[in-house]
Amino acid sequence: MKQEQPSSPYLDKRKKKIIFHIAIGEARHISLAGTFNHWAKDELEMEPDKKDTWRIAIPMLPHGKYHYKFLIDDKMWMEDIENPLREPDGVAGWNSVLTV
């Protein structure tokens, strides 16, 4: 039986990590940025783990609410399509919301 991939973001309380993933084809580079790293574009680089899926695990964050997005190929910001929690980004799009 095929094991379901947990939704993104996944809070792994046992390992004290938060796992983010995004399935997207044709990307050369994807990074994660948000309020938890002051929107730094090049700090949290994601790694491809299987066909068209990129993943990163970060240390568990303190309790609170965080906004984040994925930066694809250093030019396109994208919200986490697996996470239904979103808030306006103040421009013309959406930030994904993570609550720890």
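FYI, it's all coordinate maths here, none of it is from the lab. Because the structure is predicted, anything quoted here is derived from the model rather than measured. Here the Cβ positions follow ideal geometry from the backbone for every residue, glycine too, while neighbour counts run over all protein chains shown.
Mean sequence separation of contacting Cα pairs (under 8 Å, at least six apart), scaled by the length of the chain, corresponds to a relative contact order of 27 percent.
Only sites in a loop by DSSP and with at most 12 other Cβ atoms within 10 Å count here; which trypsin sites (Lys or Arg not before Pro) in segment 30-99 make the cut?
Details: sites: Lys41, Lys50, Lys51, Arg55, Lys65, Lys69, Lys75, Arg86; in loops: Lys41, Lys51, Lys75.
When the trypsin sites (Lys or Arg not before Pro) of segment 30-99 are filtered for loop state and at most 12 Cβ neighbours within 10 Å, Lys51, Lys75 remain.
Sorted largest first, the principal axis extents computed over the alpha-carbon atoms of the chain equal 43, 34, 24 Å.
Mind sorting Trp77, Trp54 by how few other Cβ atoms lie within 10 Å of their own Cβ, fewest first? Please report the intermediate quantities before stating the final value.
Working: Trp77 16, Trp54 22.
Ordered from fewest to most neighbouring Cβ atoms within 10 Å, Trp77, Trp54 come out as Trp77, Trp54.
You can think of it this way: the chain between Glu87 and Thr99 has 3.1 nm of extra reach, that is 0.36 nm per residue less the Cα-Cα gap. Spin-label model, Lys41/Met76: points 7 Å from Cα along the beta carbon direction are separated by 1.6 nm.
The 3J(HN,Hα) values that the Karplus relation (6.51, -1.76, 1.60; θ = phi - 60°) gives for segment 76-90 are, in residue order, 10, 7, 9, 6, 7, 5, 7, 9, x, 7, 9, 9, x, 8, x Hz. Gly and Pro appear as x. Farthest toward the positive end of the dipole of segment 4-100, out of Ala92, Ala23, Phe36, is the Cα of Phe36, where the dipole comes from beta carbon charges about the Cα centre.
Placing unit charges on the Cβ atoms only, positive for Lys and Arg and negative for Asp and Glu, gives the chain a dipole magnitude near 480 debye about its Cα centre. Going from the residue with the fewest nearby Cβ atoms within 10 Å to the one with the most, Glu26, Glu45, Glu79 rank Glu26, Glu45, Glu79.
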